[in-house]
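Could you have a look at this structure, given as structure tokens, before my questions?
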Amino acid sequence: MKRALFALFLLALGGAILYGLWKNPAEKARALYAARAQEKTFVRELSADGKVAGRRLGLAFVRPGKVAEVAVSPGDRVQKGQLIARLEDREERRKLELARSRLRAFLAESEGKRKRLELELRALEQERRRRREALELTRALFQAGAASQTELREREHALRETETRLAQLLAERRSALAAEKARRAELEAALAEAEQALAETRLVAPEAGVVETVPFVPGAPARGEAVLALTGTLVPEALFPEAEAAEIRPDQPARLEFTAWPEEPKETRVRRLLPPRSQQGAVWVPVRFDPPENAALAPDLTFTAYVEVERIEHAVVVPLEALVEEDGKTYVWTVEDGKAHKRAVERRAQNLTEAAVSGLKAGTVVLRLPPDDLAEGERVQPILEDEGAGGA
């Protein structure tokens with residue numbers, strides 16, 4: 001009986017000792033996730049979804065006709081003057097060549113007439129000069145009694161006849177030049193009309209841009225219009241909530257992560273903020289960015305924009321979940337010599353995952369998501385994500 005009682009006593013004593021050890025924090029360290037405070041550049045960004053916006057042009061043929069060629073496809077980039085599509089143009093090309101040949105023939109004929117008139121004019125001017133010299137000589141001889149009145153009159157008559165013919169030829173040249181000018185204008189107008197008719201069979205890009213739609217089909221009548229988004233007007237634009245947009249300023253650094261190239265973020269800067277607009281009961285501010293270099297922008301290309309609104313160099317940074325708020329103050333739980341200690345810090349700035357603080361040295365181990373029942377000086381075993389379980 002005594003042995004049974006003694007055994008029960010020993011069992012109860014052992015249980016009490018084990019329970020006491022389990023309850024005594026000084027004997028057992030609590031394993032908690034932790035991280036080391038780091039000194040680095042702290043960046044706070046605002047993000048929003050956006051897409052590429054730009055001015056669009058509708059391009060349609062100005063005359064009816066059957067489509068002969070479609071030179072581009074949706075998504076193609078085109079330069080100013082590049083062919084989009086072409087109508088059948090055999091008749092227009094025939095009329096253009098006829099107008100050109102008529103103008104060439106007329107110009108050649110006019111050139112020949114002008115040369116002949118110039119030769120006749122030079123010949124008459126030389127003849128007039130000779131007859132004037134002959135008349136002056138005859139007058140001198142007549143005064144000296146060496147020439148008769150009849151000879152003098154013949155010389156005067158010959159000079160008047162030459163001058164009359166010269167005046168007639170000059171009038172003929174003026175008339176020919178006027179007629180030539182009028183006819184040339186008529187033929188050039190016909191040529192311009194033929195060139196315009198041929199140009200109307202061709203649809204070209206008025207500016208550089210990206211082709212969005214092309215409704216034309218070779219062999220079918222031309223209907224509808226192609227849509228061209230102008231390259232010079234393509235600009236990334238994102239909508240930020242009005243409260244967040246208050247922190248955004250032109251020229252702030254930004255990063256655009258396009259859906260089409262998720263692994264190739266593009267660096268850029270804020271260009272400007274547009275007037276706020278209401279949408280679905282909220283107020284949004286459109287923010288436009290400089291088009292990134294080496295980015296093939298296209299209309300409606302989607303992206304996520306990250307705008308850097310704050311940067312602190314050489315900041316001490318801790319995980320956001322390490323901060324504890326109590327009575328309007330901010331604390332962190334540090335681990336020193338295997339024990340937890342509550343320390344007050346000043347929150348300088350924070351982003352979605354981290355906070356920059358003062359009052360803490362880089363390298364200090366801080367607990368992540370410290371439990372509410374953690375006690376000052378309690379033994380803890382910090383589990384560092386990059387180091388595994390280990391002491392501070």
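The values are calculated or read from the model by the stated rules, or taken from the named source; none is laboratory data. Computed from a predicted model, the values in this text were never measured in an experiment. Using ideal geometry, Cβ is built from the backbone for each residue, glycine included, and neighbour counts are taken over all protein chains shown.
Going through the range 57-68 one residue at a time, which ones are within 29 Å of the chain's Cα centre (by Cα), part of a strand (DSSP E or B) and loosely packed, with under 15 Cβ neighbours inside 10 Å?
If the condition is that a residue be within 29 Å of the chain's Cα centre (by Cα), part of a strand (DSSP E or B) and loosely packed, with under 15 Cβ neighbours inside 10 Å, then Gly58 is the only one that fits.
Further, regarding this structure: Count, please, the residues in the range 311-323 that happen to be surrounded by fewer than 16 Cβ atoms within 10 Å (Cβ to Cβ) and in a strand (DSSP E or B).
Residues flagged as surrounded by fewer than 16 Cβ atoms within 10 Å (Cβ to Cβ) and in a strand (DSSP E or B) within the range 311-323 amount to 4.
Further question on the same structure: Give the residue, chosen from Leu297, Leu274, that is crowded, with 16+ Cβ neighbours inside 10 Å, hydrophobic (A, V, I, L, M, F, W, C) and on the phi < 0 side of the Ramachandran plot. Spell out how you get there, then give the answer.
On the way: Leu274 fails: crowded, with 16+ Cβ neighbours inside 10 Å.
Within the list Leu297, Leu274, the selection yields Leu297.
Output the number of the condition that Ala246 fails; it satisfies all remaining conditions of (1) within 18 Å of Leu46 (Cβ to Cβ); (2) touching a strand residue (DSSP E or B) at 6+ places or on another chain (Cβ under 6 Å).
(2)
Let me ask another. Can you tell me which residues in the range 238-273 are among the charged types (D, E, K, R) and over 18 Å from Glu293 (Cβ atoms)?
Correct list: Glu242, Glu244, Glu247, Arg249, Arg272.
Is it true that Gln149 is farther than 30 Å from Arg55 by Cα and among the polar types (S, T, N, Q)?
Here the answer is yes, as Gln149 does meet what is asked.
Also, quick follow-up: Taking the conditions exactly as written (exposed (fewer than 15 other Cβ atoms within 10 Å of the Cβ) and outside any strand (DSSP E or B)), does Arg100 satisfy them or not?
So Arg100 does not fit the description; no.
Ok, one more. Out of the range 250-298, which residues are in a loop (DSSP other than H, G, I, E, B) and of a type in the set (D, E, K, R)?
Asp251, Glu263, Glu264, Asp290, Glu293
Quick one: is Ser110 of a type in the set (Gly, Ala, Ser), farther than 30 Å from Glu207 by Cα and crowded, with 16+ Cβ neighbours inside 10 Å?
It is true that Ser110 is of a type in the set (Gly, Ala, Ser), farther than 30 Å from Glu207 by Cα and crowded, with 16+ Cβ neighbours inside 10 Å.
Looking at Leu152, Leu169, Leu159, Leu117, which one is surrounded by 12 or more Cβ atoms within 10 Å (Cβ to Cβ), in contact (Cβ under 8 Å) with a residue 40 or more places away in the chain, out of contact with any strand residue (DSSP E or B) (no Cβ under 9 Å at 6 or more places or on another chain) and over 30 Å from Ala99 (Cβ atoms)? Spell out the reasoning first.
Working: Leu152 fails: in contact (Cβ under 8 Å) with a residue 40 or more places away in the chain; Leu159 fails: in contact (Cβ under 8 Å) with a residue 40 or more places away in the chain; Leu117 fails: over 30 Å from Ala99 (Cβ atoms).
From the options Leu152, Leu169, Leu159, Leu117, the qualifying one is Leu169.
If you don't mind, another one. Mind checking which residues of the range 324-343 are out of contact with any helix residue (DSSP H, G or I) (no Cβ under 9 Å at 6 or more places or on another chain) and buried (at least 20 other Cβ atoms within 10 Å of the Cβ)? Please lay out each step first, then the result.
Let us first name the residues in the range 324-343 that are out of contact with any helix residue (DSSP H, G or I) (no Cβ under 9 Å at 6 or more places or on another chain), namely 324-331, 334-343.
Matches in the range 324-343: Thr334, Val335, Ala340.
Still on this structure: If you scan the range 195-246, which residues turn out to be of a type in the set (Ser, Thr, Tyr) and under 24 Å from Ala305 (Cα atoms)?
Residues satisfying the conditions are Thr231, Thr233.
Additional query: Given the criterion modelled with pLDDT under 95, among the aliphatic types (A, V, I, L, M), more than 23 Å from Glu212 (Cα to Cα) and not in a helix (DSSP H, G or I), identify the matching residue among Ala34, Ala26, Ala12. Talk me through it step by step, then tell me what you get.
On the way: Ala34 fails: modelled with pLDDT under 95; Ala12 fails: not in a helix (DSSP H, G or I).
Checking each option against the conditions leaves just Ala26.
State which residue pairs qualify: first residue closer than 13 Å to Val52 by Cβ and inside the range 250-268, second residue in a strand (DSSP E or B) and acidic (Asp, Glu) in any location, beta carbons under 6 Å apart, and separation of 6 or more residues or different chains.
none
Limited to the range 41-77, what total is found for residues that are touching a Ser or Thr at 6+ places or on another chain (Cβ under 9 Å) and not acidic (Asp, Glu)?
15
Then there is this: Select from the range 237-249 the residues that are in a loop (DSSP other than H, G, I, E, B) and buried (at least 18 other Cβ atoms within 10 Å of the Cβ) and list them in ascending order. If you could, list the steps in order and put the result at the bottom.
Start the filter on the range 237-249 by keeping residues that are in a loop (DSSP other than H, G, I, E, B), which leaves 246-249.
The answer is Ile248, and nothing else.
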